[in-house]
Structure formats: structure tokens, C-alpha cells
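Engineer: For reference, the structure I am asking about is given below.
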Amino acid sequence: MRARRIDSNQNLIVKQLRIMGVSVYVSSMLGKGFPDLVLGIRGVNYLIELKDGSKVKSAKKLTKDEQVFFDTWKGGVYKCENLDEILNVIGFK
């Protein structure tokens with residue numbers, strides 16, 4: 001099994017979210033389509049698949065496993081490219 005690469009923006013976004021009081025579990029190492037981040041704020045959990053917004057469109061597509069997860073998960077799961085998009089999802093904007 002090879003190590004899964006993380007998006008270049010992940011570490012900074014995780015740091016910024018934690019400063020804002022958001023609980024963050026980095027789950028990118030789980031693979032098999034599971035989203036990169038699990039966020040908790042105000043008693044609600046959010047699953048976030050983080051993509052690097054600076055990359056070309058084709059590099060920001062969901063993988064096959066990620067798409068299956070998105071299609072079959074019965075809760076909230078979101079694809080975000082930057083901190084602003086995450087803040088919109090969790091109601092900070």
C-alpha cells in the first residue's frame with residue numbers, strides 16, 4: 001500500500017480551521033474514497049473532500065472511489081477547493 005498524497009492546501013486549511021475553533025480530524029489516510037477531513041462545529045459533523053483549487057480542472061475531479069462515496073453516502077459530504085468554500089459549508093459566511 002502506498003502513502004496517499006495530500007493536497008498542498010490541506011495543512012494550512014486545517015490550521016486555520018482549528019484556530020477558528022473547528023474540530024478537525026484529518027482522514028485523508030483512510031483512502032477508499034473516504035473524504036479528507038471530518039469537521040465538527042456547533043454539534044454538527046461535516047465530511048469534506050478537499051481539492052487543490054490551484055490545479056487544473058481535471059486534477060480536481062473526484063476519483064472513482066470518491067465518486068462512489070459521494071453517490072452512496074446518506075449524510076452530508078462536500079467537495080471544497082479552499083477555506084472560503086469550507087466556511088460556506090459550515091455556516092461561517
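Read-outs: derived from the displayed coordinates by stated rules, not from any lab. Remember, it's a predicted structure, so these values are computed and weren't measured experimentally. As a convention, Cβ positions derive from the backbone with ideal geometry for all residues, glycine included, and neighbour counts pool all protein chains shown.
Engineer: How far is helix 10-19 tilted off the main Cα axis of the chain, in degrees rounded to 10, range 0 to 90?
Structural biologist: That works out to roughly 20 degrees.
Engineer: How long, wide and thick is the chain, going by the Cα atoms along their three principal axes, in whole angstroms, largest first?
Structural biologist: Between the extreme Cα coordinates on each principal axis of the chain lie 33, 29, 25 Å.
Engineer: Report the gain in length on full extension from ILE41 to THR72: 0.36 nm times residue separation, minus Cα-Cα distance, nm rounded to one decimal. Don't skip to the answer; put the middle values down first.
Structural biologist: On the way: separation 31, 0.36 × 31 = 11.16 nm, distance 2.38 nm.
Stretched fully, the ILE41-THR72 segment lengthens by 8.8 nm.
Engineer: If you don't mind, another one. Under a Cβ-Cβ cut-off of 11 Å, what is the net charge of the residues other than VAL24 that fall near it, where Lys and Arg count +1 and Asp and Glu count -1?
Structural biologist: Details: positive: LYS15, ARG18; negative: ASP36.
Neighbourhood net charge equals +1.
Engineer: Oh, and also: Explain nothing, just the number: dipole magnitude of the range 10-89 about its Cα centre with +1 on each Lys and Arg Cβ and -1 on each Asp and Glu Cβ, in debye rounded to the nearest 20.
Structural biologist: Values: 12 positive and 9 negative charges, 10 e Å.
I would put it at about 40 debye.
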